[in-house]
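The values are calculated or read from the model by the stated rules, or taken from the named source; none is laboratory data. Computed from a predicted model, the values in this text were never measured in an experiment. Positions of Cβ are generated from backbone atoms using ideal geometry, with glycine treated the same way; all protein chains shown enter the neighbour counts. In case anyone asks, the SASA skips ligands and DNA or RNA and just uses the protein heavy atoms, side chains included. Shrake-Rupley method; radii C 1.70, N 1.55, O 1.52, S 1.80 Å.
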Amino acid sequence: MAVTSIGARVARKEDHRFITGKGQYVDDINRPGQAHAVFVRSPHAAATIKRIDISAARKMPGVVGVLTGEDLAADKIGGLICGWMIHSKDGSPMKAGAHPALAQGKVRYVGDHVAVVIAETLLQAKDAAEAVVVDYAVEKPVVDVASALAKGAPAVHAEAPDNRVFSWHLGDKAATDAAFARAKHVTSLDIVNNRLIPNAMEPRAAVGDYDSGNDAFTLYTTSQNPHVARLVLSAFIGVAPEHKLRVIAPDVGGGFGSKIFIYAEETVCVWAAKKVGRPVKWTSDRTEAFLSDAHGRDHVTKAELAMDENGRILALRASTKANLGAYLSTFASSVPTYLYAPLLSGQYDIPAIYAEVDGVYTHTAPVDAYRGAGRPEATFVVERLVEVAARQLGQDPAKFRARNYIRNFPHQTPVIMAYDAGDYHASLKKALELADYKGFARRKRESARRGKLRGIGFSSYIEACGIAPSAAVGSLGAGVGLWESAEVRVNPIGTVEVLTGSHSHGQGHETTFAQLVSDRLGIPIENVSIVHGDTDKVQMGMGTYGSRSGAVGMSAIAKALDKVIAKGRKVAAHVLEAAEGDIEFKDGKFTVAGTDRSAGFGDIALQAYIAHKFNGQELEPGLKEGAFYDPTNFTFPAGVHICELEVDPQTGDVRIEKWTAVDDFGVIINPLIVEGQVHGGIAQGVGQALHEGAVYDPVTGQLVTASYMDYRMPRAEDLPSFVVDTTVTPCPSNPLGIKGCGEAGAIAAPAAVVNALTDAVGHEDVPMPATPQALWRACQKAPRLMAAE
Amino acid sequence: MYAFEFHRPTSLRQAANLLAKAEDGRVLAGGQSLLPMMKLRLASPGTVIDLGGVPGMTGIERKGRSLVIGAMTRHAEVENSPVVKEAIPALAHLVSVLGDPAVRNRGTIGGSLANNDPSADYPAACLALGATIVTNRRRIAADEFFQGVFTTALEEGEIIVKVSFPVPSRAGYEKFRHPASRFALAGVFVAKRGGEVRVAVTGAGDSGVFRWEAAETALQGRFVPKSLDGLKPSTDGMNSDIHADAAYRAHLVAVMARRAVEKALRR
Ligand SMILES: Cc1cc2nc3c(=O)[nH]c(=O)nc-3n(C[C@H](O)[C@H](O)[C@H](O)COP(=O)(O)OP(=O)(O)OC[C@H]3O[C@@H](n4cnc5c(N)ncnc54)[C@H](O)[C@@H]3O)c2cc1C
């Protein structure tokens, strides 16, 4: 069996399990004596609870418990938390209202949790949930930022009387204003970044189990970060101390951010297991997922770009209102602030940037990180501004971008980030060739002959992955460190288990992580297994989000592997009777330099365990090493996506004709998996641009798009075969040179699509999602007068 | 789903008797409309009577100048039937753009017509082709059958047995799909038989499928897309929701009608 090296296109090891139906998802887990939970949810967006009558429900067949917020309070179970403190411009801390796991006196969005009914069967629990009588005094809701910030708007939480959670800013306002004052040309845009509902294929689920013999809890849950879940459930919510709480996140079917957070349902299941003395299972149905999974995006922004007479960018200014929903979800406050504004420099050398962001409470589901989290919003602002500026100046949008690209690295932007490496011209050049940009005018004429409007749009995105270092994010308000851990356990026969704090829920870690081990230790990939997602196995970890598992998680593994090799060298020195300094490790063999004396990795592992060849007092037996890795910087994947499409002006229908993506992800471990990540990301980005949009009724606060009958997901037939390529500038900030690829597509795509649509219809007034109706309307509007060349 | 009683009769008479006896009974065909409603607890029949075991309710047959399709015939069978493709290709096309393969392999023509979803495809074909819906009790002309949103001429205990379509000389169906549900946002079926032209519109109207008479008159003159120039149905009576307001729907009806005529002529 051969060694699998870094860069090889290895098929995913985990797919055999998934494709043959052998995956173990939370809903596949059933504990002896298990009962089923159903949540009674608020049908109103805003109401005061006058009374909850559970007496009839309690008497229903099969019911083992009906619990409300009062029971939570009596057990001193704390509320859900937001783990990132944001301070407003005036220095005051953000104004957060309480977030109880079961409502206490008020409900604040449709789907808010009011009570839980636990019964022998799911059907019995459903029947009993219908028998819970809640007397509501219905109030007037606010569902969008404009109405929430209007004078006299009802306050979602008394703690934030004007619904402003924070009024935050970043950058040098004076310098930016001065640059605008002397600008020759200013481009300004009003931008709405539409609200999205994540829709992971597997809905959230939880099984809470309590072992009264050991007074210990186990929670099986759909989590992207089981250790963070345990920490929050234990230290903040107070379900049980960490050593009495095991959290297991087994196979998880997609997260996209929505499974980072610590939600009410999971909390209630683990707490209720002790309360009712039975394991308690809850699996979200699709309607519940629409209502209660944390949503994404939902920004309203005024953005401006200042340029000199040559079309060089002088400054950027953005003012954003971010809808945070009815409660602050786990990382909600960081997304529209530190994950957004620091990306507003894009790939461009912009001397001055100033951004202000108001975080706003509304009577809608909480909004938090969703694939890209803040960076798609920033990229959309920058790439729309740049495209429109080029058009207004009568310049070619590719040339305009190239003229303003950053050329020298490292580059310090005016908004925190220090870009470490990149070559933006290289990816643009490659993308223009692959997209046959030169032939576009001809293709546009050909489309026009068929009565179709053809457009081309660019997105020259940058993003920041592997958020770090811990001390830096701590100084910005993060409640946690953002390192990762790994433990490499070598078995006596030389096979290897790697325990990682990263969590795989679609990323293919069981393959890529094993590939790294195979490459470094020179052993077959089949001899490596990756263990993750169980707090009893992996001691501590920070989980998977923000495309951090390659750059941070694998770097931790690399560090632990270095320690294993160092220890192996010590053992080999004894076995081969040579000085440690003379032992070389290469291709899975320890060799005495300059001789043919060598021992395989497996032999040395065995020697480490039998410990016959060395003094156990001087050298510890065994071969197992751990590492914590804290990166020195973010990583900065960047690239160019080009979308070419055709609009049918008679109906507003769109066909994407060609998609070209050239990304710089640094060193690539497995191109097959990277391409898959790019494909999925583009699909989701196209979904945001053309199809997806959560709509709340402004009067009733009902979620109008609460099912697939109204919420339009992207489909395979909407997408062409993508042209995906890469350029490589290794990342200097981690030992593997990896940048991260999980979110790039979703970050890049929306701007590319909207730039192409506005190019096709000839004016900038195209909203997201650009539904057929919206595009048909846009086609009715007269095209802009083209600026003179 | 709530608990219910389940029967699987083996004759039409038995099915009708069970239906008459049951309090709050519903027949089950492909289950593609009824079962989702039951799962969401929006429908809660006390008794479900499965027509799957009743003989003689499936099949496609050319009978002289008519095409006859059994009520329990699955969408996929109609889509792939050489008889349908020969007699009324527009009907085979209509079914090919209805739902997805899973739905087409379960759903039936009888279920679709009995359900009369205001955005369903089959009602447009029935109305434009002047079909006759045959039940266990009588024959109902399409013009009488569709009576509004989810409402038909079917009486309590009445079961559709088959549908008979007069074969047209030309027919075409063009559908603009609802972005999310893929039902018709605006679907137009045009049919010409002898001197008569009928144009039926689904998805757009706020009281379900309807005939667009102005277009029929225009096409009666000359059956070409140009005859529809400048013609658009009134926005009064058009449906309006987050996906399409009345003006957009009216516009789409006009575009789909032209394209349907183009298609009908292409054969
Ligand atoms: C995902 C999805 C997408 C869909 N997309 C489309 C689409 O694009 N276009 C479209 O037109 N439809 C669509 N449908 C609906 C589909 O065509 C259904 O199959 C059809 O509407 C109902 O037929 P059924 O055989 O499944 O009936 P059932 O669901 O079994 O029954 C529906 C109703 O009809 C009654 N009924 C059934 N058979 C008879 C009978 N012989 N006599 C009297 N009453 C009867 C039942 O009692 C019930 O009330 C879709 C459905 C789904 C689930």
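Out of A:726, A:705, A:700, report the one residue that is more than 30 Å from residue A:782 (Cα to Cα), more than 14 Å from every other protein chain (Cβ to nearest Cβ) and surrounded by fewer than 24 Cβ atoms within 10 Å (Cβ to Cβ). It is A:726. Can you confirm whether residue A:356 is surrounded by fewer than 22 Cβ atoms within 10 Å (Cβ to Cβ), of a type in the set (Asp, Glu) and part of a helix (DSSP H, G or I)? For residue A:356, the condition - surrounded by fewer than 22 Cβ atoms within 10 Å (Cβ to Cβ), of a type in the set (Asp, Glu) and part of a helix (DSSP H, G or I) - is not met. Tallying residues that are in a helix (DSSP H, G or I) and either open to solvent by 40 Å² or more (accessible area, probe 1.4 Å) or not assigned by TED's automatic domain parsing to the domain that holds residue A:766 (or both) within the range A:444-459 yields 5. Selection within the range A:390-428: residues that are open to solvent by 30 Å² or more (accessible area, probe 1.4 Å), in contact (Cβ under 8 Å) with a residue 12 or more places away in the chain and among the polar types (S, T, N, Q). The member of this set that is nearest to residue A:440 (Cα to Cα) is A:395. Keeping to the range B:26-53, report how many residues are assigned to a helix (DSSP H, G or I) and within 14 Å of chain A (Cβ to nearest Cβ). Selection size over the range B:26-53: 4. Is it the case, given these coordinates, that residue A:637 is open to solvent by 10 Å² or more (accessible area, probe 1.4 Å) and over 30 Å from residue B:245 (Cα atoms)? Against the criterion (open to solvent by 10 Å² or more (accessible area, probe 1.4 Å) and over 30 Å from residue B:245 (Cα atoms)), residue A:637 does not qualify.
Among the residues of the range A:640-654, just one is out of contact with any strand residue (DSSP E or B) (no Cβ under 7 Å at 6 or more places or on another chain), open to solvent by 10 Å² or more (accessible area, probe 1.4 Å) and in a loop (DSSP other than H, G, I, E, B), namely A:650. Scanning the range B:1-12 for residues that are away from chain A (no Cβ under 14 Å), within 17 Å of residue B:38 (Cα to Cα) and open to solvent by less than 80 Å² (accessible area, probe 1.4 Å) yields a count of 1.
Conditions (1) polar (S, T, N, Q); (2) within 14 Å of chain A (Cβ to nearest Cβ), marked per residue:
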residue	(1), (2)
B:165	no, no
B:169	yes, no
B:178	no, yes
B:182	no, yes
B:186	no, yes
B:192	no, no
B:200	no, no
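Would you check if residue A:755 is modelled with pLDDT under 95 and open to solvent by less than 20 Å² (accessible area, probe 1.4 Å)? No: the conditions fail for residue A:755. Has the range A:672-680 got any residue that is of a type in the set (A, V, I, L, M), closer than 30 Å to residue A:493 by Cα, open to solvent by less than 10 Å² (accessible area, probe 1.4 Å) and not in a strand (DSSP E or B)? Among the residues of the range A:672-680, not one is of a type in the set (A, V, I, L, M), closer than 30 Å to residue A:493 by Cα, open to solvent by less than 10 Å² (accessible area, probe 1.4 Å) and not in a strand (DSSP E or B), which makes the answer no.
Filtering the range B:143-192 to residues that are more than 15 Å from the ligand (Cβ to nearest atom), open to solvent by less than 30 Å² (accessible area, probe 1.4 Å) and either free of Cβ contacts under 8 Å to residues at least 60 places away in the same chain or part of a strand (DSSP E or B) (or both) leaves B:165, B:166, B:171, B:172, B:190, B:191. For the range B:86-136, a tally of residues being more than 11 Å from the ligand (Cβ to nearest atom) and more than 29 Å from residue B:241 (Cβ to Cβ) returns 7.
Can residue A:186 be described as at pLDDT 95 or above and open to solvent by less than 20 Å² (accessible area, probe 1.4 Å)? Criteria not met by residue A:186. Based on this model, can you work out whether residue A:195 counts as under 30 Å from residue A:234 (Cβ atoms), charged (D, E, K, R) and crowded, with 23+ Cβ neighbours inside 10 Å? Against the criterion (under 30 Å from residue A:234 (Cβ atoms), charged (D, E, K, R) and crowded, with 23+ Cβ neighbours inside 10 Å), residue A:195 does not qualify. Based on what the data block shows, is residue A:575 in contact with a strand residue (DSSP E or B) (Cβ under 8 Å, 6 or more places away or on another chain), open to solvent by 10 Å² or more (accessible area, probe 1.4 Å) and β-branched (Val, Ile, Thr)? The answer is yes for residue A:575. Apart from one condition, residue B:28 fits all of (1) away from the ligand (no atom under 11 Å from the Cβ); (2) touching an Asp or Glu at 6+ places or on another chain (Cβ under 7 Å); (3) under 27 Å from residue A:287 (Cα atoms); the exception is (1).
Scanning the range A:604-634 for residues that are crowded, with 18+ Cβ neighbours inside 10 Å, within 42 Å of the chain's Cα centre (by Cα) and assigned to a helix (DSSP H, G or I) yields A:604, A:605, A:606, A:608.
Of the residues making up the range B:7-25, those that are basic (Lys, Arg) and near the ligand (Cβ under 10 Å from one of its atoms) number 0. Taking every residue in the range B:31-53 that is over 23 Å from residue B:70 (Cβ atoms) and among the basic types (Lys, Arg) and pairing it with any residue that is surrounded by fewer than 19 Cβ atoms within 10 Å (Cβ to Cβ) and at pLDDT below 95, at least 6 positions away or on another chain, the pairs with Cβ-Cβ distances below 9 Å are B:39/B:1; B:41/B:1; B:41/B:2. In the range A:122-135, the residues that are in the same structural domain as residue A:102 (by TED's automatic domain parsing) form Cβ pairs under 9 Å with partners that are surrounded by fewer than 17 Cβ atoms within 10 Å (Cβ to Cβ) and acidic (Asp, Glu), at six or more places apart or across chains, as follows: A:132/A:53; A:133/A:53; A:134/A:53; A:135/A:53. Restricting B:254, B:264, B:247 to residues that are in contact with a Lys or Arg (Cβ under 6 Å, 6 or more places away or on another chain) and within 12 Å of chain A (Cβ to nearest Cβ) narrows the list to B:254. Does residue B:235 count as assigned by TED's automatic domain parsing to the domain that holds residue B:101, open to solvent by 10 Å² or more (accessible area, probe 1.4 Å) and within 30 Å of residue B:48 (Cβ to Cβ)? No, not satisfied. Scanning the range B:13-25 for residues that are in contact with a Gly (Cβ under 7 Å, 6 or more places away or on another chain) and open to solvent by 50 Å² or more (accessible area, probe 1.4 Å), which turns out nearest to the other protein chains (Cβ to nearest Cβ)? Ranking the candidates gives B:24 first.
So that you can scan it fast, the table gives a plain yes or no per residue for (1) of a type in the set (Gly, Ala, Ser); (2) without any contact (Cβ under 8 Å) to a residue 24 or more places away in the chain:
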{"position": "A:709", "(1), (2)": "no, yes"}
{"position": "A:716", "(1), (2)": "yes, yes"}
{"position": "A:748", "(1), (2)": "yes, no"}
{"position": "A:753", "(1), (2)": "no, no"}
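Consider the range A:571-598 and keep the residues that are among the basic types (Lys, Arg) and in a strand (DSSP E or B). The one that is nearest to residue A:490 (Cα to Cα) is A:589. In the set (1) within 26 Å of the chain's Cα centre (by Cα); (2) open to solvent by 60 Å² or more (accessible area, probe 1.4 Å), residue A:462 fails one condition alone, (2). Summed over the range A:698-712, the residues that are touching a Leu at 6+ places or on another chain (Cβ under 8 Å) and either at positive phi or assigned to a loop (DSSP other than H, G, I, E, B) (or both) give a count of 1.
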